[in-house]
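Have a look at the structure below before the remarks.
The values are calculated or read from the model by the stated rules, or taken from the named source; none is laboratory data. Only a predicted model underlies this, so the values are computations on that prediction, with no experimental measurement involved. Counting neighbours? That spans all protein chains shown, and the Cβs are built from the backbone with ideal geometry, glycine included. Quick note on the areas: whole protein, heavy atoms, side chains included, nothing else; ligands and nucleic acids left out. Shrake-Rupley method; radii C 1.70, N 1.55, O 1.52, S 1.80 Å.
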Amino acid sequence: MLIGVGLGPGDPELLTLKAVNILKNSDKVYVPGNMAAKLVEPYATPEILDFPMLRDYDVLNEVWKKNADLIADEARNGTVVFGLIGDPNFFSTFTHLKRVMNKHYPDVETSTIPGISSITSFAARADAEVDTSFEVSDGSETKHKIRLKANRPRQLIEEFSKEGYTDFIFAERLFSDKEVIIKNREDIPEKGNYFSIVYAKKD
């Protein structure tokens, strides 16, 4: 298994307990740079993989494929962690690695453990309270939408469909013993609750 582990914004005290436990019990840990390596070192011996900060996708695809080739056998036979700054599902190196891994090595299971992201880190350090809808962008085209408190999920899906969104996930009470995650659009319920989320994605 390959697990993307969020290491938080850089403060070693902001690693989650789950992240620490996974690092301690992994067979191998890879990281994309020195900052991540220093956060991992108290719990495991990391190996740094080359992930250049480029916009040339031909070069990047070669690098991602090379790294996937390196990791595949280890992840097929044990627990391999890729630790990175922030959260592995938001603007993350792991997202690209996982896509390449799923394409070329679909038999290798992948998962993620969330970390404190740059978004919530900023709010804490800047004392910026956010209690209404907000936009996060890196300047690229908007292809994802997340609606919190999605108490009418099917109605939301119909609205999002008119905006060009095609893929949907319904989630409720995440990481609790009553967690619900539904990826089949037809199975998404009419009603949710305060802890419900609808995720929408464009192709």
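Among the residues here, Phe82 does not qualify as in contact with a Gly (Cβ under 6 Å, 6 or more places away or on another chain) and in a helix (DSSP H, G or I). Mind listing just one residue for me: the one in the range 152-191 that is of a type in the set (Val, Ile, Thr) and free of Cβ contacts under 8 Å to residues at least 40 places away in the same chain and, of those, surrounded by the most Cβ atoms within 10 Å (Cβ to Cβ)? Ranking the qualifying residues of the range 152-191, first place goes to Ile188.
Of the residues Lys103, Lys38, Lys98, Lys65, the single one that is part of a helix (DSSP H, G or I) and in contact with a helix residue (DSSP H, G or I) (Cβ under 7 Å, 6 or more places away or on another chain) is Lys65. Here Asp58 clears all of (1) modelled with pLDDT of 95 or more; (2) open to solvent by 40 Å² or more (accessible area, probe 1.4 Å) except the condition numbered (1).
When the range 106-149 is filtered for residues that are at pLDDT 95 or above, part of a loop (DSSP other than H, G, I, E, B), open to solvent by 60 Å² or more (accessible area, probe 1.4 Å) and in contact with a Phe, Trp or Tyr (Cβ under 9 Å, 6 or more places away or on another chain), the ones remaining, listed by number, are Lys143, Lys149. Considering only residues that are among the polar types (S, T, N, Q) and within 23 Å of Phe175 (Cβ to Cβ), which ones fall in the range 15-50? Scanning the range 15-50 gives Thr16, Asn21, Asn25, Ser26. Please determine whether any residue of the range 77-94 is under 23 Å from Glu47 (Cβ atoms), at pLDDT below 95 and either charged (D, E, K, R) or touching a Pro at 6+ places or on another chain (Cβ under 8 Å) (or both). Yes. None of Val81, Val100 is in contact (Cβ under 8 Å) with a residue 24 or more places away in the chain and within 10 Å of Gly4 (Cα to Cα) except Val81. Only residues that are closer than 24 Å to Leu17 by Cα and buried (at least 21 other Cβ atoms within 10 Å of the Cβ) were counted across the range 61-84, and they come to 6. The set of residues in the range 150-203 being part of a loop (DSSP other than H, G, I, E, B) and among the charged types (D, E, K, R) consists of Arg152, Glu163, Arg173, Asp177, Lys178, Glu179, Lys183, Glu190, Lys191, Lys202, Asp203.
Quick check, is Pro52 within 27 Å of Lys143 (Cβ to Cβ) and not in a helix (DSSP H, G or I)? The answer is yes for Pro52.
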